[in-house]
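See structure below.
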Amino acid sequence: MAQKEASMRFWGGLGNMLSLGFILSIVVAMGLSGWIALQEGTHRFMLPFTTENAVQRITDAVSVARAEPTLERLSGVSDELWALSLFSTAKRFTDSKLMEQGIYYATMPKSNQVAIAVHVLFSVFCVMFGGLQFWPAFRKRFMKVHRGIGAIYIATVPVAVVAALCYMALTPPHHIYDHLVAWVALWIFGVLALVSITMAIRALKARRIFEHQAWMALSFGCLLVAPLLRLDWALLVPFFPDIDQETLNLVTMGLMLPEVLLIVYGLVLVNRQYARPMKQRAAAAMADLGAALYLRSMPLIYGIAAALLAFNVMFYVVGHGMSSIEVASALVPAALIMREQSVLMAHPMIAAGFAVACGLAFPAAALTLKQCLSRADEAAGASRGATSLLTPWLALAAGISSCFLGWRMGLAPHNVWLSGGTMYTVNGLVIAGFGALLLMARSNRKQALMKESLVFLLCLLPFPALFFLTLQIVSWLHLPADYIAAGQGFVLPAGASGSLLFVAIIHVVYGQATREHN
């Protein structure tokens, strides 16, 4: 007994340290990002309004920086690029299309300039101080400051988001550095930010503080898309020093969706850890409705599971990924298709293991979640059944094999393979992570956390099918040739492969684990 208590104290202390480290890293990183955004907003984006020859000034600054790529020269173009160059070299950015993007900011229509300037200036406060709102110790000690920051946050975020959406409406995707995939993502996250703030206010008025915190975490996460993109450019350089900025940008776009939503989930987990557990809190109406719909849809879910298994076998055992689908050749560079095919052919057992593990983990997770949601099964100890033990191990196998295949695919400079194996690696890591979390929750008999992990797995495991389905849909859109050349025919479906994570985050907001702080 004493040994068990000591173990619990150890893991509890480790959890507290990790939580504090996570929150402080968010606070510091976003604080620095906000400060840099303030410099950009008051200098770069105000230049067209304060200087008559803004276009000439920025054009000359770009020419000087490219002729002599130093930190000092680059600071004349952008404070943001100067800061990013501290992690790599100025030449990485002077050789990139970010220079042309800077010139476009000075030459674009006045309405676009007003929209982006308003967006940047109004979002500075949210980014700089928003992270403090999720620091439990700060909130508890400085509640008045917390409420003051929250009031300003709620007043400024809608203005910043609406300004960003106006800019997106006025700007064609090819005039955005991150192109079509960013244009689509920014619309989604922008609308979601407005919805989540509205829902957070409603939850606060109803005194559902646990829901309020979760919705605010989602709203804050939606605002992190642009800062995280820049941070990823800096943080990934040491891992891929030979990859140019344009290729690295495609990699970061592949990371963006799961990264943002996992940060949201992390913020919710941290705040749960410091809250008093509530065992008798009634379920939200939305949670009851979701559970009822899920249980009634089990025949359909099992049908989807059978289709996913057949799909995986067809594309990864019988076939070889994208080379098995005709539309891929029109949207994806031949070099990337051949690279994926060569990796799958070189490792047939791992490819087959990935296909089967993914295909079997989905129905196993679906059945385990059904058992957890059924009161009769719950009373009988559904969390200790054989299926509940098999599910996390299948998820771990699927995640690890996916990581292996993605890592073997690798990256190549100059967009030869676009984002390469990023889709497999990122989704694999997240699947393996939630498989491990499910295993831990099962061993600790944490039913609420088990349900949450299972929902994440059900949203992640179909990623190969979602990728190929979106690839087919994109082929019907008849993208312009320059969009396809920029890699959008592949990067957009790759990003969409994790789109069901939005469903998992809604479960986090309304689920038992958030409601009862477990």
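Looking only at helices (runs of 4 or more DSSP H) that lie completely in the range 472-518, which have at least 1 residues being of a type in the set (Gly, Ala, Ser) and touching a Leu at 6+ places or on another chain (Cβ under 9 Å)? Quick ask: steps written out before the conclusion?
On the way: elements: 481-485, 488-496, 501-510, 512-515.
Passing ranges, in order: 488-496, 501-510, 512-515.
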### Message
Looking at 99, 108 in this structure, which one is more than 17 Å from residue 226 (Cα to Cα) and within 27 Å of the chain's Cα centre (by Cα)?
### Response
99
### Message
Just to confirm my filter: which helices (runs of 4 or more DSSP H) fall fully inside the range 187-299 and include at least 1 residues that are without any contact (Cβ under 8 Å) to a residue 40 or more places away in the chain, over 27 Å from residue 510 (Cβ atoms) and not basic (Lys, Arg)?
### Response
225-236, 245-273
### Query
In the range 37-49, what count of residues is obtained for those that are within 30 Å of residue 136 (Cβ to Cβ) and surrounded by 21 or more Cβ atoms within 10 Å (Cβ to Cβ)?
1
### Task
For the range 111-127, indicate whether the set of residues that are without any contact (Cβ under 8 Å) to a residue 40 or more places away in the chain, in a helix (DSSP H, G or I) and not aliphatic (A, V, I, L, M) is non-empty.
no
### Query
Considering 170, 180, 121, which residue is in contact with a Phe, Trp or Tyr (Cβ under 7 Å, 6 or more places away or on another chain) and either within 20 Å of residue 29 (Cα to Cα) or of a type in the set (A, V, I, L, M, F, W, C) (or both)?
180
### Query
What pairs can you find where one residue is in the range 478-507 and in the same structural domain as residue 416 (by TED's automatic domain parsing), the other is charged (D, E, K, R), and their Cβ atoms are less than 7 Å apart, with a gap of 6+ or different chains?
507/452
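For the range 18-68, give me each residue that is β-branched (Val, Ile, Thr) and assigned to a loop (DSSP other than H, G, I, E, B).
From the range 18-68, those β-branched (Val, Ile, Thr) are 23, 26-28, 36, 42, 50-51, 55, 58-59, 62, 64; that's our starting set.
Answer for the range 18-68, where residues must be β-branched (Val, Ile, Thr) and assigned to a loop (DSSP other than H, G, I, E, B): just 51.
For every residue, the table says whether it meets (1) touching a residue at least 60 places away in the same chain (Cβ under 8 Å); (2) more than 27 Å from the chain's Cα centre (by Cα); (3) more than 20 Å from residue 467 (Cβ to Cβ).
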{"site": "308", "(1), (2), (3)": "yes, no, no"}
{"site": "311", "(1), (2), (3)": "yes, no, no"}
{"site": "317", "(1), (2), (3)": "no, yes, no"}
{"site": "323", "(1), (2), (3)": "no, yes, no"}
{"site": "344", "(1), (2), (3)": "yes, no, no"}
{"site": "368", "(1), (2), (3)": "yes, no, yes"}
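Based on what the data block shows, is residue 191 at pLDDT 95 or above, in contact with a helix residue (DSSP H, G or I) (Cβ under 7 Å, 6 or more places away or on another chain) and surrounded by fewer than 18 Cβ atoms within 10 Å (Cβ to Cβ)? Quick ask: steps written out before the conclusion?
Working: at pLDDT 95 or above: yes; in contact with a helix residue (DSSP H, G or I) (Cβ under 7 Å, 6 or more places away or on another chain): no; surrounded by fewer than 18 Cβ atoms within 10 Å (Cβ to Cβ): yes.
In short, no.
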### Unmet criterion (only one of (1) closer than 23 Å to residue 428 by Cβ; (2) touching a Cys at 6+ places or on another chain (Cβ under 6 Å); (3) not assigned by TED's automatic domain parsing to the domain that holds residue 415) for residue 223
(1)
### Query
What number goes with the only condition from (1) modelled with pLDDT of 95 or more; (2) within 25 Å of the chain's Cα centre (by Cα) that residue 128 does not pass?
(1)
### Task
May I ask you to verify whether residue 242 is at pLDDT below 90, within 18 Å of the chain's Cα centre (by Cα) and not assigned by TED's automatic domain parsing to the domain that holds residue 419?
no
#### Entry: Residue, farthest from residue 202 (Cα to Cα), within the range 117-148, restricted to residues that are surrounded by fewer than 21 Cβ atoms within 10 Å (Cβ to Cβ) and of a type in the set (Val, Ile, Thr)
118
#### Entry: Checklist (1) in contact with a Cys (Cβ under 7 Å, 6 or more places away or on another chain); (2) surrounded by fewer than 20 Cβ atoms within 10 Å (Cβ to Cβ) applied to residue 104, failing item
(1)
### Query
Could you list, in sequence order, the residues of the range 391-431 that are buried (at least 24 other Cβ atoms within 10 Å of the Cβ), farther than 17 Å from residue 257 by Cβ and polar (S, T, N, Q)?
391, 401
### Message
Could you list, ordered by first residue, the pairs with Cβ atoms under 8 Å in which the first is in the range 163-174 and in the same structural domain as residue 190 (by TED's automatic domain parsing) and the second is acidic (Asp, Glu), at least 6 apart or interchain?
### Response
174/482
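Rundown of residues vs (1) without any contact (Cβ under 8 Å) to a residue 60 or more places away in the chain; (2) in contact with a helix residue (DSSP H, G or I) (Cβ under 7 Å, 6 or more places away or on another chain); (3) not assigned by TED's automatic domain parsing to the domain that holds residue 134, yes/no style:
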position: 40; (1), (2), (3): no, yes, yes
position: 59; (1), (2), (3): yes, yes, yes
position: 68; (1), (2), (3): yes, no, yes
position: 76; (1), (2), (3): yes, yes, yes
position: 97; (1), (2), (3): no, yes, yes
position: 103; (1), (2), (3): yes, yes, yes
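The values are calculated or read from the model by the stated rules, or taken from the named source; none is laboratory data. It should be emphasised that the depicted structure is a prediction, and the values quoted were computed from it without experimental measurement. Don't worry about glycine lacking a Cβ; one is built from the backbone with ideal geometry, like all the others, and counts go over all protein chains shown.
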